[in-house]
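Novice: Please see the structure below; I have some questions.
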Amino acid sequence: MILVCGDIMLDEVIEFKSNKISAEAPLPILLNKKKLFFLGGAGNVANNIKKLSSDVFLISSIGKDINGIKIKKLLVQNKIKSKLINDPYYKTTHKSRGFLKNQLLFRIDNERPKKLKFSHKQLILKFLKKNISKFNFLVISDYNKGFFDKNFIDEISLIFIKKNKLILTNPKRKKVSFYSKSNILVPNEKEFKNFFVKQSSKEKMISFIFKKVKNLKYLIITRSHKNIILASRNKKIKYLKVNRIKSIDVTGASDTFLATLSVFLNKKLNIINSIKKAAIASRKVVTKKYTSFVKINEIKK
């Protein structure tokens, strides 16, 4: 079983229709057509893993609010096993996007990041120590919304390190040392550049990351339509080809990549072929609307 740990959020899509332009300004008058809800963040990673016919468990936190209730229902509907911390002082992260004729009109982020209580962290650590044998490896989905702090991410990681289990991480922080115990880092190009105040050659920047993250085996940098960069500790850098594709919606593409990579590594596929599968999956998912996923037969085609 794959464990996904990190920040979950509720993705909301509002579809509008419009029959006329406002007399007050050259803008369409919007009529609410329908609302759709999806698992976002770590929830989207877990859902993608589940849809790829792999067993998954999710650990995250939600608030005692309507959006937290909706997340619980979505987890049940998608048959995702989970352990959620319910904190009445935490506001469930909620992202709302409005569309008119498939055109994105707006995005509203409703959030109030708050660190987990010490008692809640201890509950999670106790659960992990008791159930570590059930998990093959750890996927960290960090959206910097309050679930992780440095000590907590290290404590979780050490539980897996002691059992020689892989830790795969999608980073959102500017300090790469935050993920010092990860084995595989999967930033996109923007996240990779955010690690540095001053830009230098890719070789020097990659070398710096391996110095800061002592447990790191592989650095995988996704770059939209450009070739994926794979760097290993022996300083070899490979460029893996990515086929261009016309995208409809890039929402959650990095979640799909991370999820697919974890699924095929769990199936004991080597790192290069696992990346190729993940690239196919992320290419497929951007041709779909909203926060979506791919199924295993779509990758095998």
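Novice: Based on Cβ point charges of +1 for Lys and Arg and -1 for Asp and Glu, what charge dipole magnitude is obtained for the chain about its Cα centre, in debye rounded to the nearest 20?
Specialist: 900
Novice: In region 221-237, which residues have a backbone nitrogen under 19 Å from the label point lying 7 Å from Lys204's Cα in the Cα-to-Cβ direction?
Specialist: Residues 235-237 fall inside that zone.
Novice: In region 1-49, what trypsin sites (Lys or Arg not before Pro) fall in a loop by DSSP, with at most 15 other Cβ atoms inside 10 Å?
Specialist: Answer in residue order: Lys20.
Novice: Please state the equivalent ellipsoid semi-axes for the chain: what are the square roots of 5 times the Cα gyration tensor eigenvalues, largest first, in whole Å?
Specialist: 31, 24, 19
Novice: May I pose another question? Tell me the label-point distance for the pair Ser177, Lys190, using the 7 Å Cα-to-Cβ offset, in nm and rounded to one decimal.
Specialist: Between Ser177 and Lys190, the simple spin-label model gives 2.6 nm.
Novice: Leaving out ligands, DNA and RNA, and with a 1.4 Å probe, what % of the accessible surface on the chain is carbon or sulfur?
Specialist: Ligands and nucleic acids excluded, carbon and sulfur reach 52 percent.
Novice: Please list, by residue number, everything in region 76-112 whose backbone N is under 15 Å from a paramagnetic label point 7 Å out along Cα→Cβ of Asn32.
Specialist: 96-99
Novice: For region 281-295 and region 144-177, write down the distance between their C-alpha centroids in whole Å.
Specialist: Rounded to whole Å, the Cα centres lie 27 Å apart.
Novice: Okay, moving on. May I ask you to list the aspartates and glutamates whose Cα is less than 14 Å away from that of Lys193, ignoring any residue fewer than eight positions away on the same chain?
Specialist: Correct list for Lys193: Glu203.
Novice: Now for a separate question. Would you grab the residues whose amide H sits under 5 Å from the one on Lys83? Only those 5+ places off in sequence or on another chain, please, with H modelled 1.01 Å from N.
Specialist: Placed amide hydrogens put Leu58, Ile59, Ser60 under 5 Å from Lys83.
Novice: For Asn164 and Ala25, FRET efficiency with R0 = 51 Å and r from the beta-carbon atoms, rounded to 0.05?
Specialist: 0.25
Novice: Nearest-5 percent of antiparallel DSSP beta bridges in region 171-301?
Specialist: Of the beta bridges lying entirely in region 171-301, close to 75 percent run antiparallel.
Novice: For Asn86 and Gln103, compute 0.36 nm times the residue count separating them, minus their Cα-Cα distance, and round to one decimal in nm.
Specialist: 2.6 nm
Novice: Please list, in chain and number order, the residues 5+ apart from Asn188 or on another chain whose amide H is under 5 Å from its amide H, with Hs placed from the backbone.
Specialist: Thr222
Novice: Here is a follow-up. Which whole-number value in Å² is the accessible area per residue of region 27-97, probe 1.4 Å?
Specialist: 44
Novice: Each residue of region 5-10 in turn: what ³J(HN,Hα) in whole Hz from Karplus with 6.51, -1.76, 1.60 and θ = phi - 60°, glycine and Pro shown as x?
Specialist: 10, x, 7, 9, 8, 9
Novice: Turning to a different aspect of this structure: Heavy-atom accessible area per residue, region 193-301, 1.4 Å probe: how many Å²?
Specialist: 56
Novice: While we're on this one: Give me the orientation-averaged projected area of the Cα convex hull of region 86-148, in nm², one decimal.
Specialist: 6.5
Novice: Related question: Which whole number in µm²/s is D for region 32-153 by Stokes-Einstein, with the Kirkwood Rh taken over Cα pairs at 25 °C and 0.890 mPa s?
Specialist: 155
Novice: Only helices at least 24 Å long along their axis, Cα-based, and averaging 1.6 or more on Kyte-Doolittle count here, so list those DSSP H runs from the chain.
Specialist: none
The values are calculated or read from the model by the stated rules, or taken from the named source; none is laboratory data. Keep in mind that what you see is a predicted model, and the values were worked out from it rather than measured. Neighbour counts run over all protein chains shown; Cβ positions are idealised from the backbone, glycine included. Each accessible area value is taken on the protein alone, full model and side chains, heavy atoms only, with ligands, DNA and RNA left out. Shrake-Rupley method; radii C 1.70, N 1.55, O 1.52, S 1.80 Å.
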